[in-house]
1. Enumerate the pairs (first residue in the stretch 1-25 and touching a residue at least 40 places away in the same chain (Cβ under 8 Å) and surrounded by fewer than 14 Cβ atoms within 10 Å (Cβ to Cβ); second residue anywhere and outside any helix (DSSP H, G or I) and of a type in the set (Val, Ile, Thr)) with beta-carbon separation below 8 Å, excluding pairs fewer than 6 apart on the same chain, so at least 6 apart or on different chains.
2. Could we say that Gln101 is under 25 Å from Pro15 (Cα atoms), assigned to a loop (DSSP other than H, G, I, E, B) and of a type in the set (S, T, N, Q) here?
3. Which one of Ala36, Ala81, Ala76 is buried (at least 20 other Cβ atoms within 10 Å of the Cβ), over 23 Å from the mean Cα position of the chain (by Cα) and in a helix (DSSP H, G or I)?
4. In this structure, is Pro49 of a type outside the set (A, V, I, L, M), part of a helix (DSSP H, G or I) and under 18 Å from the mean Cα position of the chain (by Cα)?
5. Does Gln48 satisfy being farther than 21 Å from Lys18 by Cβ, surrounded by 12 or more Cβ atoms within 10 Å (Cβ to Cβ), polar (S, T, N, Q) and modelled with pLDDT of 95 or more?
Amino acid sequence: MISSWFPQSAILAHPNMKLLISHGGYLSVMEAVYHAVPIIGLPIMGDQPAITARSEKAGYGLYLSWEDLSEKSLRAAIHEALSNTKYAENVRQASIRFRDQPITPLNQAIFWVEYVARHKGAPHMRSAAQHLSIIEYHNLDVYTLFFLTMVIFIYILKCLICRTVKAHHSKFSKKIDSKVKFQ
């Protein structure tokens, strides 16, 4: 079956689902753990390598790099994930821990929407960053201070080097002058 989109969570929830081969994105791994499905990760970029490595370290996933990907390595990873029961058991334990919450995510979302409505938009919960000036928001004051500090440091360093060179030059000139007078 070919489609531009599949309901991944619904597919992972199917009782016949045994393994997910994924790019190792955070949401895919979360859904796989929630539904207790082991993972083979083929990370592409960003945080995917770290997330895939974490799933392998936790014992419910395998990490395959694109550089080492071949028919043989993919076949071996699939065979390992399906035949070794440790992956299914580890992901089942992680799923139990993940689902152990006092309130369902849907009920939690409903609570917060109602909370914001009850408190007229909940202005007390808004980030103070919304009220920053453009200078504060982009840290222009910090960058300016850093730049000025560097300019002053370079200027002082230049002055010290120039003084040292002049002192050394004048001392050297006096030695040459005294040698020339004696000849």
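The values are calculated or read from the model by the stated rules, or taken from the named source; none is laboratory data. Treat the numbers as computed from the prediction; the structure is a model and nothing was measured. Cβ atoms come from the backbone with ideal geometry, glycine included; neighbour counts cover every protein chain shown.
1. Lys18/Val37
2. Against the criterion (under 25 Å from Pro15 (Cα atoms), assigned to a loop (DSSP other than H, G, I, E, B) and of a type in the set (S, T, N, Q)), Gln101 qualifies.
3. Ala81
4. Criteria met by Pro49.
5. Criteria met by Gln48.
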